[in-house]
Structures are given as C-alpha cells and as structure tokens.
Amino acid sequence: MAQRARINRKTFYLHYNTLDDLLREIQNEMAQNFIKRTQGLERPRDMDKITREFFLCSEELGKIGERITCSGNYKYISRKITNDIMNQTWKNGAASSAENPYIQNIIMTYTAQSTLEIYKQWVADGRKIPLEDIIKIATRLICNGINGLNS
C-alpha cells in the first residue's frame, strides 16, 4: 500500500497503526461530510433535499466514492458508512418513533437502499442521464414511489 501511494512505510505507520485505522478514518470522513451537508434537514420530511445532497456528494467524491458505493468488493465499507449516517441522523427526527422503532427501521432501509440502488444503476449505465435529471427522477421515486413518475 505504501508503495502504491508512493510514501515510505515508516511514514505511513507514523500516522496509522494499521490499514484498518486508515479505513476507519476514510469511512468517518465520508459519513461526516454527508451529515454536515444535510445538517438541519429533517428525515424523512426533507428526503428530496437529502436525496439531492447524496447525489451531489457522491459526484464530488469522484472515483473513490463511486467504487465504495458501487463495487461489491467494498459493500461492507458502504454499509458501514450508511449505518453510521443513519444512526447519527435519524435518531432525533420526526420519524424517530420511540413507540415503534421497527417502523423507523423500515423507513430508513427503504430510503437508504432505494437511493443507493438508483445511484449504482445510474453509474452502471454510464451516467447516460444528466445529473440534474437523475436527481429529479430519484427524488420522485423515493418521495412518491412509482406514482411519482406519473406527474
């Protein structure tokens, strides 16, 4: 890894004890970046704005974000980032129903997985749909289901 990054091994290990430490730092930075971008937005009420920020944030991350989100080899990393975001952002929102956390789990899973799968398919198709258009389509689907496409 140090050779690929063109840094001395000793330099790497001055900053990190293990590769897992570096991975945890990257995961945390990605999660915190998205959380910061969506701060003040209420889940699930503001899913249109949150969906938009997901696509914009993913595009800004470039290839690393794309690979972590889309590659099966990195699914565990993507899942960890998603879980961190969900645990930090949904616990205080209106959908955070202490009386029925199982409903909240279903809502969280639906929104997270729908957003991720739409993004992955868009990337797999070579981004043939312009970014603004895919954001509109994804937002309609996530916020209104299949009926959202009829408007």
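Observations on the model:
- Pairs beyond 21 Å (Cα-Cα), from 63/120; 36/120; 49/136: 36/120
- Residue-averaged [θ]222 nm for the chain, counting only DSSP H segments that reach four residues, each worth -39500 (n - 2.57): -23000 deg cm²/dmol
- Computed from Cα positions, the angle between helix 75-89 and the longest principal axis of the chain comes to roughly 60 degrees.
- Nearest 10 degrees, 0 to 90: helix 19-37 Cα axis against the chain principal axis: 30 degrees
- Bridgeable aspartates and glutamates around residue 128 (alpha carbons under 20 Å apart, same-chain partners fewer than 8 residues away excluded): 53, 59, 60, 66, 117.
- For residue 78, net neighbour charge (Lys/Arg +1, Asp/Glu -1) across residues whose Cβ lies under 13 Å away: +2
- Relative to the longest principal axis of the Cα atoms of the chain, helix 131-144 runs at roughly 50 degrees.
- Comparing 14, 56, 131 in a Gaussian network model of the chain (Cα springs below 10 Å), the most mobile by mean-square fluctuation is 14.
Any read-out appearing in this document is the output of simple, stated calculations on the displayed coordinates, not a laboratory observation. Treat the numbers as computed from the prediction; the structure is a model and nothing was measured. Methodologically, a virtual Cβ is constructed for each residue, glycine included, from the backbone with ideal geometry; neighbour enumeration extends over all protein chains shown.
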